[in-house]
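Notes follow the structure.
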Amino acid sequence: MTLPSYAVDFRGFPACPCLAVWIPVYELELQRRALLTGPLHIYQLIGGAPDSAGTHTKGGALDDDRVTEQAIWVARQMGADASWHRRLNWDGQGGMEHAHHVLRGCPHNDPARYQITAVDAGFNGLGHLGHAALDDGPRPLSGRTWREGIAWAKQLQQQEDDLMVFSEWPAAEKKALGQFIQDQVRATLIETDTNGDGIAVPTHFGSIVKDLVVDVNDIKKKIGA
Ligand SMILES: [Zn+2]
Ligand SMILES: [Zn+2]
């Protein structure tokens, strides 16, 4: 098999440029969800494996070993709706168990694109027109392209970064948060000392603290107000 001119090397496998960008983000998303430890185990990217019926010859298709429903769900959310768990003997010829993915919106996936059409129509991508059987899920599909899928995953990964545990925060950010809380408490308590007797009942904190009574003079002393 001759490799297409746009093929790039991805960890020793020939790949189209879309796969080379998509796989590391998919890999990270699987690791983040504890669906994978270490690198993704790739079986085939661009390749001419005879039992793949030519779907891998141009790009945009990936075979790996993450076959759980959760992993297939992540791949579908990330722009590979045409992702399936192919079980042992999936082809009736002893074919090995693997996960097969086709990236939506990859301009290099010509020979595999019928499988995207098939999953969109509710079929499993095998056989004539990919209509051998109904899709085995998980559905609903995302409808995302592989680029939109990367954006979806990166947004989630960024949110996780933002949720860094407090003890690991930089000192300046800890201090800023402490100051913010102090300012909020000060403003709230002084404002709710309505009759000036030095006793504030912060009722607008809601029912959780409705019984909380604070000595404002004590607080004022502590914060030097
Ligand atoms: Zn591509
Ligand atoms: Zn495949």
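Each value in this text was obtained by applying a stated rule to the coordinates, not by laboratory testing. These numbers come from a predicted model, not from an experiment. As a convention, Cβ positions derive from the backbone with ideal geometry for all residues, glycine included, and neighbour counts pool all protein chains shown.
Tabulated results
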read-out	value
P(r) of region 81-165 over all Cα-Cα pairs, binned every 5 Å from zero, in whole percent	3, 14, 19, 21, 16, 11, 7, 5, 3, 1, 0
Inverse mean reciprocal Cα-Cα distance (Kirkwood Rh) of region 7-137, Å	14.5
At R0 = 30 Å, FRET efficiency that the Cβ-Cβ distance of Leu177 and Lys154 yields, to 0.05	0.70
Semi-axis lengths, Å, region 24-97, gyration tensor of Cα atoms, sqrt of 5 times eigenvalues	21, 14, 11
For Ser83, residues with placed amide H under 5 Å, excluding near neighbours	Val102
FRET E, pair Asp110, Val21, Förster distance 25 Å, beta-carbon r, rounded to 0.05	0.85
Using a Förster distance of 35 Å, the FRET efficiency for Arg87-Leu28 (Cβ separation, nearest 0.05)	0.85
Pair Ala49, Val67: separation of 7 Å Cα→Cβ label points (nm)	1.1
Per-peptide average of other Cβ atoms within 10 Å, ordering 4-15, 63-74 highest first	63-74, 4-15
Charged-residue dipole, Cβ positions (Lys, Arg, Asp, Glu), region 8-162 about Cα centre, Debye nearest 20	220
